[in-house]
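The values are calculated or read from the model by the stated rules, or taken from the named source; none is laboratory data. Just so we're clear, the structure is a prediction, and the values are computed from it rather than from any experiment. Here Cβ is always computed from backbone atoms with ideal geometry, including for glycine, and neighbour counts include all displayed protein chains. When the accessible area is computed, the model is the full protein with side chains, heavy atoms only, and any ligands, DNA or RNA have been set aside. Shrake-Rupley method; radii C 1.70, N 1.55, O 1.52, S 1.80 Å.
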Amino acid sequence: MNRDPQIDSNGKLVHLLSIEGIPRDILISILDTARSFVSVTEREIKKVPLLRGKSVFNLFFEPSTRTRTTFEIAAKRLSADVINLNVGSSSQSKGETLLDTVANLSAMHADMFVVRHSQSGAANLIASNVAPNIHVINAGDGSHAHPTQALLDIFTIRHYKKEFAGLRVAIVGDILHSRVARSQIHALTTLGVSEVRVIAPATLLPSHLSQLGVQVFRNMTEGLRDVDVVIMLRLQNERMNGDLLPSAQEYFKNYGLTPEKLAVADPDAIVMHPGPMNRGVEIDSSVADGRQSVILPQVTFGIAVRMAVMSILAGQSQ
């Protein structure tokens, strides 16, 4: 019996809920498909008919601009009909349950749900309660997972570094509250990156990190030494309970990425950030806008990666 709801008995991806549990060959297939879609985004007419006649519902129970917008653009470039719902201010506030909302939208002949929710496991719950012909993509759930962000991050890494083997990757910042970091770690280790490091103050480190096969550093200079990729994370202030940090200024002094700290990394190291950035807190503007930054290309690649995921789930690809 196949216990992973993301993959059917034939080994085909039917939902994207988490990077954990997805085999390497499927991850590579998504990256290869995304590469074919990058050229679509560069055309004068940026559309392909792969999801024509399909309805994609963006269900965002939590605020988002970048993720929701890139999913909307991706679906439209695949020629899908896109319905955006800010559910937090509509049915949920009237007492309707999550599954009630999904059942009603399913009755409107939805083909795909893109779900962001503040509760971990929300996308899994939906995937367990939809008809077999409906696909669910997790666009971020609580502190659990953000699989498409991790996919666009590894796509960006492969674009600039070509191979995963031999790479040293450092993830810096609020590991404790970051669904992005969890997904990145699973993706990087599955793809055979030689070393994954996490760098953070003790108050922002989860207790189970040793089980994920990463090296933990509390000193930025030690952690960044000779790395090929630096991924900065946003401080998740909205998820912090209590005083986990003395001040933003103190955090920047110790864990903000400056040219001086970056200098100990490999000279060709790339700098990434899933956004939105807090300049002067996690990253210095001279680094964010500098030669080694690939933060804006990440956003561009995100559209192609989300197009790839949607097309593969729908059983279509270029």
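Observations, loosely collected:
- Annotation: amide H-H contacts under 5 Å for L257 (H modelled 1.01 Å from N, sequence separation of 5 or more, or interchain): I283, D284.
- Element breakdown for the chain at a 1.4 angstrom probe: carbon and sulfur atoms account for 49% of the accessible area.
- Think of the chain as having a plus end and a minus end, set by charges on the Cβ of Lys, Arg, Asp and Glu; of I312, I270, L16, I312 sits farthest toward the positive end of this dipole.
- Sequence-distant residues sharing a close amide H with F60 (under 5 Å, placed H): L85, V87, R116
- Estimated vicinal HN-Hα couplings, Hz - segment 125-134 in sequence order (Karplus 6.51, -1.76, 1.60; Gly, Pro = x): 4, 5, 4, 7, 10, 10, 5, x, 8, 9
- The number of Lys pairs in the chain with C-alpha atoms less than 14 Å apart, excluding pairs fewer than 8 positions apart on the same chain, is 4.
- DSSP H segments from the chain that extend 15 Å or more along their own axis, Cα-based, with Kyte-Doolittle mean of 0.5 or above: 24-41, 295-313
- Positive-pole candidate from A181, V214, S106, dipole of the chain, charges at beta carbon: S106
- Computed log10 I(q)/I(0) for segment 163-318 at 0.16, 0.20, 0.21 Å⁻¹: -0.90, -1.35, -1.47, from the Debye equation with unit scatterers placed on every C-alpha and solvent omitted.
- Placed amide H near G280: partners under 5 Å, 5+ positions off or other chain: S285
- Annotation for segment 127-210: trypsin sites (Lys or Arg not before Pro) lying in DSSP loop with at most 14 further Cβ atoms inside 10 Å of their Cβ are K162.
- With the charge dipole of segment 62-174 set up from +1 on Lys and Arg Cβ and -1 on Asp and Glu Cβ about the Cα centre, the Cα lying farthest toward the positive end among the listed residues V172, P132, S64 is that of V172.
- For the chain, the solvent-accessible area works out to 43 Å² per residue, with a probe of 1.4 Å and every protein chain left in place.
- Solvent exposure, largest accessible area first (probe 1.4 Å, DNA, RNA and ligands not counted), of L85, L98: L85, L98
- Normalised alpha carbon radius of gyration of the chain [divisor 2.2 N^0.38 Å]: 0.98
- When both segment 138-177 and segment 1-43 are represented by their alpha-carbon centers, they are found 15 Å apart.
- Nearest-20 debye value, the chain charge dipole, Cβ charges on Lys, Arg, Asp, Glu: 540 debye
- Note on segment 1-129: Cα convex hull, mean projected area over all directions, 9.1 nm².
- Near S311: Cβ cut-off under 11 Å, other residues only, Lys/Arg at +1 and Asp/Glu at -1. The net charge is +3.
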